[in-house]
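Inspection log for the structure reproduced underneath, given as structure tokens.
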Amino acid sequence: MEAARSVGPFVVVGGGIAGVTCAEQLAVTFPEEDILLVTASPVIKAVTNFKQVSKVLEEFDVEEQPSTVLENRFPNIKVIESGVRQLKSEEHCIITEDGHQHVYKKLCLCAGAKPKLICEGNPYVLGIRDTDSAQEFQKQLTKAKRIMIVGNGGIALELVLRRTNSAVLPVSRNLVTMSVHWPGWGTGVLPVYQNVTSGNCNILPRYEIEGCEVIWAIKDKAIGNTFFDAGAAEFLISKLMSEKSEAKIAHRRTIYTVEGVKKENRTKAKAENVGSALGPDWHGGLDLKGTEEFSHSIHIETRCEVKKIYLQEEFKIMKKKPLAFPKDQHKSVTVDKEVWPVYVELTNGKIYGCDFLVSATGVMPNVHPFLHGNNFDLGEDGGLKVDDQMRTSLPDIYAAGDICTACWQPSPVWQQMRLWTQARQMGWYAAKCMAAASLGQSIDMDFSFELFAHVTKFFNYKVVLLGKYNAQGLGSDHELMLRCTRGQEYVKVVMQNGRMMGAVLIGETDLEETFENLILNQMDLSSYGEGLLDPDIDIEDYFD
């Protein structure tokens, strides 16, 4: 029996930010054409409250919405709720899990990424990526007395460090020095706490995960290594030392779950059919509480990774000794008498039992559904290679967002990071490229790829990252200039040969537009020296 067939000149795969943005832009450009959006999830990600902060920097909220909302806004978009079973690039068609075949003129793959799990197929290892996996986490947590979180990225930070009430943070720090220009002090050395929370340390406030012991294992010396350096981490984590209770801030995003979305018509997605990526408010509608009545406690193990995972029966045979949860860092470590479903051995030799692990160790491009029978060129990170027109190595197939690897010669102050900001930019630009190719036109590279720019929030501080904010790829030939007011702002700029190459701005600094221009213009700032960050000089007016 021949599969049912529909024809759409433009097909977009993926209901995340990149895919939805691409489909919307195509729908606007070709209002008379049918645009097919294929997604494995019953909800799609929509950009709301978009604000262009500066030439490159943009702020927006992301809402999960039923696909009908998108179809109502764009009558020429048809959403197909199904995963992709196969791509036949030579025949210009995709076959979905529901058995339908969709022929395309131009195809854009925006299927995102999936969690890079520590251990595949282990029922005690959870990866949090989409709505379904977040709900599974909530379900497992209701029965948990202790969990382990492995990873140091955005989801791990949100899980561990989002606080509702504050308390004392006893920490152990290794003090090192770094040569810098400090405004008002001249050139010298800066004390930097390289291990913000090192070795054996406990944090004892209330968090959004309550009534559950948490062991947090990170491979870095400091928390949040993906987004900021040890100095910025020290500034942010000091927020935990505040003695005042803070009111919970209302989330601006609307979270839809699958309960109200024609569940009886939903094809059960297979494990590899991941939904849209979660964002920084993903836990906002979840009741993240474990079984115990005591206040939430965290133990952090730095500079380590998972060496081995043992199931309960296997661990009994090994006759190894697990450690009890370190309630007091000043007391000797004792052997854990509790029996746990799973045990984790870390590379530092320590073993802890827990109810389950959360694998928050990053993502990998979700390319698997499209590789069979197709000769795609892949990047070193496993993503689909795309050129400066977002084209893959196969004719009429484009890619955008987390699934792709940018393989053009980048600007000196731009790098790819799998963030919502770039997903939106890539999806929009891919649609422009697809439209131009269809009309036989040429298009210049979008200006958003001239400078890496991202804005987010940690601990309710505004965090702006610009250019080579962590001196990525600059080697040792650079210097840092810092300005810090504890509890208010943290400003770091990366300088090379007298020119600003990147910046980290934490707090309401109002410097993002000025610094963006200085990085883009590559003005020689050597003559300004340490005065560049002098708080008594209004740098915004000075360089306007």
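Couple of notes before you dig in:
- Identity of the residue in the stretch 460-474, surrounded by 16 or more Cβ atoms within 10 Å (Cβ to Cβ) and of a type in the set (Gly, Ala, Ser), that ends up farthest from Phe228 (Cα to Cα): Gly467
Rundown of residues vs (1) modelled with pLDDT of 90 or more; (2) small (Gly, Ala, Ser), yes/no style:
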{"site": "Cys433", "(1), (2)": "yes, no"}
{"site": "Asp444", "(1), (2)": "yes, no"}
{"site": "Ala453", "(1), (2)": "yes, yes"}
{"site": "Phe458", "(1), (2)": "no, no"}
{"site": "Lys492", "(1), (2)": "yes, no"}
{"site": "Phe515", "(1), (2)": "yes, no"}
{"site": "Leu518", "(1), (2)": "yes, no"}
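- Residues of the stretch 96-110 satisfying the condition of being open to solvent by 20 Å² or more (accessible area, probe 1.4 Å), of a type outside the set (Lys, Arg) and out of contact with any Cys (no Cβ under 7 Å at 6 or more places or on another chain): Glu97, Asp98, Gly99, His100
- Any chance Tyr398 is within 28 Å of the chain's Cα centre (by Cα) and closer than 24 Å to Lys221 by Cα: no
- Residues (under 30 Å from Ala399 (Cβ atoms) and either in contact with a Gly (Cβ under 7 Å, 6 or more places away or on another chain) or open to solvent by less than 10 Å² (accessible area, probe 1.4 Å) (or both)) located in the stretch 329-368: Val358, Ser359, Ala360, Thr361, Gly362, Met364, Pro365, Asn366, Val367
- In the stretch 37-94, the qualifying residues are those that are acidic (Asp, Glu) and not in a helix (DSSP H, G or I), and the one that is most open to solvent (accessible area, probe 1.4 Å) is Glu90.
- Within the stretch 305-322, the residues that satisfy the criterion of being surrounded by fewer than 17 Cβ atoms within 10 Å (Cβ to Cβ) and not β-branched (Val, Ile, Thr) are Glu305, Lys307, Lys308, Leu311, Gln312, Glu313, Glu314, Lys316, Met318, Lys319, Lys320, Lys321.
Let's see how each residue does on (1) more than 18 Å from Phe376 (Cα to Cα); (2) modelled with pLDDT under 90:
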residue	(1), (2)
Thr48	yes, yes
Val84	no, no
Ser89	no, no
Glu97	yes, no
Cys110	no, no
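- Filter result for Gly121 (at pLDDT 50 or above and in a loop (DSSP other than H, G, I, E, B)): yes
- Contacts under 8 angstrom Cβ, first residue in the stretch 377-389 being at positive phi, partner in a strand (DSSP E or B), 6 or more apart: Gly382/Met364; Gly382/Pro365; Gly382/Thr405
- Subset tally (residues that are in contact with a strand residue (DSSP E or B) (Cβ under 7 Å, 6 or more places away or on another chain) and closer than 18 Å to Val464 by Cα) for the stretch 488-531: 23
- Scanning the stretch 390-434 for residues that are in a helix (DSSP H, G or I) and touching a Leu at 6+ places or on another chain (Cβ under 7 Å) yields a total of 3.
- Residue within the stretch 434-441 that is within 16 Å of Ile17 (Cα to Cα) and not charged (D, E, K, R) present: no
- For the stretch 127-137, the count of residues that are among the aromatic types (Phe, Trp, Tyr) and over 25 Å from Cys433 (Cβ atoms) is nonzero.
- Verdict on Val12 being crowded, with 17+ Cβ neighbours inside 10 Å and modelled with pLDDT of 95 or more: yes
- The number of residues in the stretch 474-524 that are touching a Pro at 6+ places or on another chain (Cβ under 9 Å), farther than 25 Å from Leu236 by Cα and among the hydroxyl-bearing types (Ser, Thr, Tyr) comes to 0.
- Scan the stretch 56-87 for residues that are closer than 24 Å to Glu33 by Cβ, among the basic types (Lys, Arg) and touching a strand residue (DSSP E or B) at 6+ places or on another chain (Cβ under 7 Å) and the total you get is 1.
- Of all residues making up the stretch 415-450, the number that are open to solvent by 10 Å² or more (accessible area, probe 1.4 Å) and either on the phi > 0 side of the Ramachandran plot or of a type in the set (Phe, Trp, Tyr) (or both): 4
- Within the stretch 130-141, none of the residues are in contact (Cβ under 8 Å) with a residue 60 or more places away in the chain, farther than 24 Å from Val62 by Cα and not in a helix (DSSP H, G or I).
- Counted residues, the stretch 197-241 - those being touching a strand residue (DSSP E or B) at 6+ places or on another chain (Cβ under 9 Å) and at pLDDT below 65: 15
- Total residues in the stretch 507-522, condition assigned to a loop (DSSP other than H, G, I, E, B) and open to solvent by 70 Å² or more (accessible area, probe 1.4 Å): 2
The values are calculated or read from the model by the stated rules, or taken from the named source; none is laboratory data. Every value quoted in this text rests on a predicted model; they were computed, and no experiment measured them. So basically every Cβ, Gly included, is an ideal-geometry build from the backbone, and we count neighbours across all protein chains shown. Each accessible area value is taken on the protein alone, full model and side chains, heavy atoms only, with ligands, DNA and RNA left out. Shrake-Rupley method; radii C 1.70, N 1.55, O 1.52, S 1.80 Å.
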